[in-house]
Structure formats: C-alpha cells, structure tokens
Amino acid sequence: MTSGPLRSEGMGGAAALPITISRIRKNYGSFRALDNVSLDIRSGEFMTLLGPSGSGKTTLLMVLSGFVRPDSGSVRFAEREVVLLPPHKRDIGMVFQNYALFPHMTVAGNLAYPLKLRHVPRAEIDERVEKALDLVQLGGLGARGVDELSGGQRQRVALARAVIFEPRILLMDEPLSALDKNLREQMQLEVRRLHERLGMTTVYVTHDQREALTMSDRIAVLDRGRIQQVDPPQALYDRPATHFVADFIGESFSLPVTVNDGRAMLFDQPLHVPRDMTGPGPHFLVLRPEKLTLLSDAANGEAGVNVIRGQVRQSVFHGDSVMIYVTVRDTHEIALRIPLRGNVVLPQPGDHVTLGYGIEDTIVVPAGTSGDAP
Amino acid sequence: MSAAESTDRQNEAALARQAFTEQLRLLSLSFPALLLVGFIVLVPIGWLFWLSFMDADGFTLAHYERLLHPSYALTLRTTFELAFLVTAVCVVLGYPLAYIAAQMSPRSARIVLLCVLFPFWTSLLVRTYAWLVLLQRRGQLNTWLQDWGIIDTPLRLVHNFTGTAIGMVHIMLPFMILPLYAAMKSIDENYMRAAANLGASPVKAFWQIYVPLSLPGLGAGVMVVFVLSLGFYVTPALLGGGRVMMWAMQIERSLAVYSDWGAASALGVVLLVITLAILWLFSRLTGAVNAAAGGR
C-alpha cells in the first residue's frame, strides 16, 4: 500500500529476522524465572508467549529486548549473537504494557525520536511520521500531547513508534491489557493486520489465551520458567501435550485415567484413544465442553464414541448456549455445552445422563507435574 | 403525572441543598488554617507594610529613600550572590544523590533519605557551630590537610563568603534532594527502557528523557532553596564573621542596634516583594520551559 518508508506488502520475508533462543537460564535468588528455555522463532512469524503470571513469559521478552541479563544461554537474531548487546544497539521495536510514551513530547515528537537518534534528515522524519500516523489511523494528531489521547489512541501511537524505524523484530508486552474488551478485540485484529502488512518477526506476550488463539501463527505456552508446548493455535487446542496446557488453553475438565499395558482405563471401563498410550502411570482425560454430546439413555458404546455417565447438578444459561454441569461418580465434575438452536430438550438437575465423547477428540495427557513436559 | 412532577421538583431542591451543605462542610475543614494564616501571617505583614510608611510625623517615604544608599545595594548583591551560589551547589550535589537514591531498592533508599533528613533533627545553631569548629584556622579540616602535606598554610574556610556558603549548602541540601527524589521516583522506569529500545545510548536517554522528566522536582527544589537562602540569618552571621552582610542581617541591625521599626519594616517589605517577583518569574519560566519541551 505504501512505498518507501514503512515498507510495502510482499517485502515481508526480506524485512524480518529469525530468532534463535538457546538454553536461556535466569534465576532470581532461588526462583527459576527461566529454566533452560530454547525456542526457534521463524522469520516473519507471529509468535505468542502465553502463560500465567510468574511463568517467565515477560522475563523471556525482556531477555530478547536486552533489559534482563540472563545467567546463561544464547539469543541470536539470524546468525548474529545478541545476548551481550546492550538494548540500544539491538535495533528492535517494542510496545510496552503501559505504552511508555514520553509525556514531555508530542505525538509527533515521540514518533520522531527514534529517527532523530538515527540521524534521519528532518524532511524525511516529517514525512515518515505522517505516514506512520496514517498507518495507525491517527493522521493529523501529530501535534497533540500524549496526555490528550485516549487509551486506544495511545496504544496506536506506541505501535507506530515501535515500527517507524523499521525494525526487523517487534516485541509486544501485553500491549492490549489496559484496554476495555471491545477496543481490545478491535486492536487484536489491527495488530494482526499491521503484522501482515509490515512482515516483521513479532513476539507477543499475553496471559490471555483467547488473545493468543486469535492472533498467533504459533503459541509457546510457558509455565514455571519452562516451555510446555509450541504449536499453532488449533493444534494446541486440539492436542495439548500436558495437563497444564489442556487446562490453560480453552475450557476443559479432566477425569483421572489409569494406563496399564498400553491400555487406558476410565474408572473401570476401557477408554478408546486415537493413538497408542506412551507410558504407564496416572493420566488425565481432557474433556472440552463443546465436544461432549448428550446420548440417549439406551446408548451403550456407539461406534467411535467413549461413553461417560453422570448426574446433572446445575445448568447455567450463557445466552447462545447452556452449560450443563454433570457429576461423575459423585466426586468429579465435568460440563457439556449445548448450543441453543431449535427445540432442544435440556436435562434438568438430578437427571441421570449419558454423554458421548468422540474417540478422535479424546485427549489423554500425563498427570505428572507440568514441569516434566518435554 | 402532576404528583410525580411535584415530587421531582421537591427532590431537586432538596438535592441541591444537600450538595451545597456538603461543600460548605468540606470548606469548613480549612477554616482553622485560614484563621491561622490570616492572623499570624497576613495581619503582621500588613502591619509591617503600614509601619514602613510611617514615622513620628505620619506618612513618609524616608525609610525607602534610605535604602537607596550604596551599602544596601552591596548587601542586596551579596544576598543574591550567596543565594545563587548555594542553589547551584545544591543542584550539583543534590541531583546525583537524589538520582542514586531513586534507583536504589526502597530499603536502601530509606537509609539514604534518613541520612539526608538527619540535619533537620539537630538544631541549626549546633550545626553552624559544628562547621565553625571544623573549618576554622586550627580546625579539623585544616589540621588534616596540613598533616597530609596537601597545604602549608591553613585555608581561610570560615569567617568569609566560602564558610557561609558551605554552612548554608549543608542546611539547604535536603530541601533540594527531597522534591528531586519525589519527582524522580515518579518517573516510570519504562521511559528509560523505551528510550534505550528506540536506540538512545544511556547518556542520551538520561539527558533527553530523564532530565526533562525530573524538571518539575528540580524547579521546586531550586525555588525553595533560592527563596529560603535569600532570607538566611543565623548561618551568615556566625560563619561570615561579620564580613558577609545579608539582607536579613540588615533587618536585625535596624531593630537591635537602632530600634528603627520603620526602617526594618521597609527592608522586610523589599525582601518580600523581591521574593514574590522571583517566584512569579520562576513560575513563568518553568511554564515556558514545559511548553517548549512539549513542543506545544
């Protein structure tokens, strides 16, 4: 769309750098913030670091930006080792959680700052500032003070400032967490569009799994300083590798499963699984509410379906659907989501129900502590 | 319908009354302070102002005419020179200390600030005499410097301008450091990170981002130190050894030596007017600086 500064579409590949993170460790006293983290981020990829607070996702981003010095390990942008490089020599864009727009400068002043530091001629600075403002739909607001902007506008200025000097890597630290829900969803799409247009390698930190699923090419799930799983959103959702990932991504309920001689048992009945079980020991069956179906009472092991019986405890209205909470064997709780369309007959609390779960959808993960993940 | 309307109107009036009495109640909290300021500050100042235009025969400008004498000009110059010097030294010493304290962990910062505040808890007189002991001809400092062979003859560190400045800097430093520290503490560390991320070296980030953001604190510190220095009395009287004549000392002399309330009042009014003028100028100046920095 644009030409020259703020590069056009199609140049994405050439404009981005791959990132190779190898064996990064960082301890704060006895707390392991990052425990032997390795991650390859492809050139031009939108990679999200997802995890709860304290999982190390922000620390990892700070290691990439140079604000946190790791204890050991290596970070390479393309072939270049950068782990020893101070932040101001790394030449990467960053959007901070609270935007960090300089309050003593105007919007244009903020955008011009990185260009001035790079000794770009005055006329070109003006031109590029204008283009960057247009890029984030803030044309004409250059003369405003930062404190005169709304939260969403500040967010856009921060985004424009992070990309105006055309870095080949862009880091974002929970940039949308301060916005209200509607604006956040709108900005998610805008950030994603900007990424597609500018093509830079983007590393995005969030604790919001929905945001991660919406925006990312791939997601790296972190917990307690370790990477649990790296996969595209759908694979992460459909085939979580650990109990933690299953629990953290999307809604899920779990039932204990025992594995003997490669055969999985749910309580006292055999459980059909799509793949062979790997190891013995305690496991969990992960149930997604929307993938459970209500079967007629007579049904007993339809082909291709695992059957779970239980008693309805409560049903909760969600507008487009109803969540039915079901107690299994008096001790375990699961839930199924029933979309509300047509005449659905809903089971009432106290009813005994038979639920079906497709064998292809059946996920069994090891129950061990999440730290044991690959 | 009409019943509802009349209820609405009644409520409207009652709500307005409630809002009014609530404001009045809030305002009443400031009455004691207003009374105090009125009786202890404004009334005496008004009285001084009145006295400065009066002598035995009624209205006169004689007290102000007397101030045109060159000796008063010299005093005024000394007063301003000293205030400038003290302020400048306080900035040079205070800024780095406040900066370091602001970067420290809260625990260590508390200890540093405690040390900064420590002089506040000892009497001004004691501190001034302590400087006298340290700085005099055969004082501790001169003895050490001579013992180490750095100097042959004792330095004249006291009973002059230098000694007065040293003593005043010591007393004024906390007034510089505290507002600076408060301003620096409120600077989000992400500003400096953002500057570095955008390509600014630590030195550039400091001068282009940190210093401008700390200006409000610096301005407050400079103003307080300068204005307080203009009215200093005890320290110059003791450490100046009679060679440093400050404006406040002229006031004291008019009263103690000549019992001339009119002259003393005129001196006081002049100092007040000059101080107010400086405060006004300063607020204009910082306003202009802020506007210029904002590019607005």
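Output the DSSP H helices from chain A with an along-axis C-alpha extent of no less than 15 Å and a mean Kyte-Doolittle hydropathy no less than -0.5.
Values: long enough: A:107-117 (16 Å, 0.77); A:122-135 (20 Å, -0.75); A:151-163 (18 Å, -0.28); A:181-198 (25 Å, -1.38).
Those that pass (Cα extent of 15 Å or more, hydropathy at least -0.5) are A:107-117, A:151-163.
Other residues whose C-beta falls under 14 angstrom from the C-beta of A:ARG329 contribute a net charge of -1, scoring Lys and Arg +1 and Asp and Glu -1.
Under the combined filter of DSSP loop state and at most 14 neighbouring Cβ atoms within 10 Å, the range B:71-148 retains these trypsin sites (Lys or Arg not before Pro): B:ARG137, B:ARG138. First check a/c for the range B:1-98, with a ≥ b ≥ c the square roots of the eigenvalues of its C-alpha gyration tensor; if it is under 1.5, answer rounded, and if not, answer prolate when a/b is larger than b/c or oblate otherwise. Here the range B:1-98 falls in the oblate category. Of the trypsin sites (Lys or Arg not before Pro) found in the range A:59-155, those in coil by DSSP whose Cβ has at most 13 other Cβ atoms within 10 Å are A:ARG118. Please report the buried accessible area for the interface of B with A, total over both chains, probe 1.4 Å, in Å² to the nearest 100. So the total buried area for this chain pair works out to about 2100 Å². Taking a ≥ b ≥ c as the square roots of the eigenvalues of the Cα gyration tensor, chain A is prolate, since a/c reaches 1.5 or more and a/b is larger than b/c. Of the residues A:ILE21, A:VAL120, A:LEU84, the one whose Cα sits farthest toward the positive end of the charge dipole of the range A:1-143, with +1 on the Cβ of Lys and Arg and -1 on the Cβ of Asp and Glu, is A:LEU84. Our analysis of the protein assembly as shown gives Rg over Rh at 1.14, with the two radii drawn from alpha carbon positions and Rh computed by the Kirkwood formula.
Over chain A, with a Gaussian network built from C-alpha contacts below 10 Å, which listed residue (A:VAL75, A:VAL328, A:VAL345) shows the highest mean-square fluctuation? The residue that fluctuates most here is A:VAL345.
Here the accessible area of the protein assembly as shown is 60 percent carbon and sulfur, with a 1.4 angstrom probe and all protein chains present.
Once the Cβ-Cβ distance between A:THR354 and A:GLU185 is put in as r, and R0 is 41 Å, what FRET efficiency do you end up with, to the nearest 0.05? If you can, show how the numbers build up before the last one.
Numbers: r = 38 Å, r/R0 = 0.92.
About 0.65, to the nearest 0.05.
Simple point charges give the picture: +1 on the Cβ of Lys and Arg, -1 on the Cβ of Asp and Glu, and for the range A:25-75 a dipole about the Cα centre of about 120 debye. Going by accessible surface with a 1.4 Å probe and the largest first, A:PHE165, B:PHE118, A:PHE67 read B:PHE118, A:PHE67, A:PHE165.
The residues of chain A expose, per residue, 45 Å² of accessible area to a 1.4 Å probe.
For A:ARG32, the accessible surface of its heavy atoms amounts to roughly 130 Å² (probe 1.4 Å, protein chains only, rounded to the nearest 10). Please give the residues of the range A:176-202, grouped as numeric ranges, whose backbone N is less than 13 Å from a label point set 7 Å along the Cα-to-Cβ vector of A:GLN97. The answer is A:176-179, whose backbone nitrogens lie closer than 13 Å to the label point. In this structure, the amide hydrogen of A:ALA335, modeled 1.01 Å from its nitrogen in the peptide plane, lies closer than 5 angstrom to those of A:VAL326, counting only residues at least 5 positions away or on a different chain.
The candidates B:CYS115, B:CYS90, arranged from most to least accessible area with a 1.4 Å probe in the full protein assembly, appear as B:CYS115, B:CYS90.
A 1.4 Å probe over all protein chains sorts A:VAL326, B:VAL234 by accessible area into B:VAL234, A:VAL326, starting with the largest. In the context of the full set of protein chains, residues of the range B:57-293 present 53 Å² of accessible surface per residue (probe radius 1.4 Å, heavy atoms only).
For A:ASP268 and A:LYS116, FRET efficiency with R0 = 60 Å and r from the beta-carbon atoms, rounded to 0.05?
Working from the Cβ atoms, E equals 0.25.
Bridging of A:LYS181 to aspartates and glutamates at a Cα separation below 18 Å is possible for A:ASP173, A:GLU190, A:ASP208, A:GLU211, once same-chain residues fewer than 8 apart are set aside. Over chain B, dividing the summed -39,500 (n - 2.57) contributions of all DSSP H runs of at least 4 residues by the number of residues returns a 222 nm mean residue ellipticity of -24500 deg cm²/dmol.
Based on DSSP H assignment, which helices of chain B show an axial Cα extent of at least 18 Å together with a mean Kyte-Doolittle hydropathy greater than or equal to -0.5? Helices meeting the span and hydropathy rule in chain B are B:70-103, B:161-185, B:211-230, B:261-294.
The values are calculated or read from the model by the stated rules, or taken from the named source; none is laboratory data. Computed from a prediction, not measured in an experiment: that's the story for all the values here. Note: ideal-geometry Cβ built from the backbone for every residue, glycine included; neighbour counts use all protein chains shown. Note: areas computed on protein heavy atoms with side chains; ligands, DNA, RNA excluded. Shrake-Rupley method; radii C 1.70, N 1.55, O 1.52, S 1.80 Å.
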